[in-house]
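Novice: The following block contains the structure, expressed as structure tokens.
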């Protein structure tokens, strides 16, 4: 389980410079981050260091991330996004 401070930090960094990323990352961070194990938290933190354009391309399946570990967390974000969650306004 992630600490409250770490959760808030990841939630804050999930707000990106692209609205398209916000609608993918924020709902995932709000709903799923508390449920993830430590390994997935580390993957998500690493994912947040990616450039917006590169991250977006991976999330919408234009390209496959070269790192297998990142592919795991990207797949979880995609799966959550297609589940029909509410988008931020």
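Novice: Which residue pairs have Cβ atoms under 7 Å apart, sit 6 or more places apart or on different chains, and have a first residue in the stretch 73-89 that is farther than 16 Å from residue 30 by Cβ and a second that is at pLDDT 90 or above and assigned to a loop (DSSP other than H, G, I, E, B)?
Specialist: These pairs meet every condition: 74/65.
Novice: Condition first: assigned to a helix (DSSP H, G or I), free of Cβ contacts under 8 Å to residues at least 12 places away in the same chain, touching a helix residue (DSSP H, G or I) at 6+ places or on another chain (Cβ under 9 Å) and more than 17 Å from residue 11 (Cβ to Cβ). Now tell me which residues in the stretch 32-70 satisfy that.
Specialist: Within the stretch 32-70, just 39 meets the criteria.
Novice: Only one of (1) more than 22 Å from residue 83 (Cβ to Cβ); (2) touching a helix residue (DSSP H, G or I) at 6+ places or on another chain (Cβ under 8 Å); (3) surrounded by 13 or more Cβ atoms within 10 Å (Cβ to Cβ) is not met by residue 9, so which one is it?
Specialist: Here residue 9 meets the rest and fails (2).
Novice: Consider the stretch 1-14. How many of its residues are assigned to a loop (DSSP other than H, G, I, E, B) and under 10 Å from the mean Cα position of the chain (by Cα)?
Specialist: Qualifying residue count, the stretch 1-14: 1.
The values are calculated or read from the model by the stated rules, or taken from the named source; none is laboratory data. Computed from a prediction, not measured in an experiment: that's the story for all the values here. Methodologically, a virtual Cβ is constructed for each residue, glycine included, from the backbone with ideal geometry; neighbour enumeration extends over all protein chains shown.
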